[in-house]
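The values are calculated or read from the model by the stated rules, or taken from the named source; none is laboratory data. As the structure is a computational prediction, the values presented were derived from the model and not from experiment. Virtual Cβ from ideal backbone geometry, glycine too; neighbours counted across all protein chains shown. Note: areas computed on protein heavy atoms with side chains; ligands, DNA, RNA excluded. Shrake-Rupley method; radii C 1.70, N 1.55, O 1.52, S 1.80 Å.
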Amino acid sequence: MYEPSKNTVYIAIAFTGAYSYWDDVSYALCDVVKPELNNGEVRLVDDEGKSYTLINHGDGKETALYDDAEKSVTFHRDEKGNIIWDAGLASLIPTLAVGYYAFHGFSAPTAYMDAPSMTYRATSPLTSFDANTGASKSNSARVARTINEMTRNRYNTKTSSRAHRIGEKYGFGSVGARTSSGAS
């Protein structure tokens with residue numbers, strides 16, 4: 001009788017979970033089969049229930065890359081807890097802020113989006129996340145429960161292999177398209 005390998009079983013389970021998104025499935029599969037592929041990355045959900053991959057650039061910058069691959073925002077956080085926009089759709093920052101802070105071990109501070117400076121300004125200091133508080137009845141509680149310390153460590157100490165590709169130019173209008181079209 002045929003006995004499938006552990007990897008075959010995981011792949012079969014992934015494909016039978018039709019309700020799941022491919023990015024969630026592939027992340028979970030890599031976590032079991034080859035965890036180093038997930039270094040510098042973590043899967044999170046924003047306040048609207050949309051999944052995204054948080055990518056660590058290794059230089060303090062992070063990118064939230066949404067599953068449709070058409071929406072992303074690159075930002076960094078300063079010592080006061082402000083999230084400062086670098087590139088992409090700044091309007092995504094307020095919707096991902098609560099889960100982002102929870103992933104990094106903080107309760108979401110009182111904050112607002114300062115449009116002229118493209119900064120999500122914290123008006124209260126960052127405090128350690130406490131799952132027992134009344135404020136934990138949101139997305140932040142779910143994020144804090146599902147992210148273990150090993151995942152957080154693998155994210156914080158490693159750079160994502162995809163980080164260097166974020167922001168590359170593709171398609172019409174890129175440097176390669178302009179320079180190669182007239183040279184023959």
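Points worth noting:
- Residues of region 98-113 satisfying the condition of being closer than 16 Å to VAL73 by Cα and without any contact (Cβ under 8 Å) to a residue 24 or more places away in the chain: MET113
- Residue in region 72-83 that is among the β-branched types (Val, Ile, Thr) and open to solvent by 10 Å² or more (accessible area, probe 1.4 Å) present: yes
- Taken over region 114-130, the criterion of being open to solvent by 40 Å² or more (accessible area, probe 1.4 Å) and closer than 15 Å to PHE75 by Cα is satisfied by ALA115, SER117, MET118, ARG121.
- The residue that is most open to solvent (accessible area, probe 1.4 Å), counting only those in region 57-71 that are hydrophobic (A, V, I, L, M, F, W, C) and at pLDDT below 90, is ALA69.
- Considering residues of region 84-105 that are assigned to a helix (DSSP H, G or I) and closer than 18 Å to PHE129 by Cβ only, the residue most open to solvent (accessible area, probe 1.4 Å): VAL98
- Residue, modelled with the highest pLDDT, within region 39-56, restricted to residues that are open to solvent by less than 10 Å² (accessible area, probe 1.4 Å) and not in a strand (DSSP E or B): ASP46
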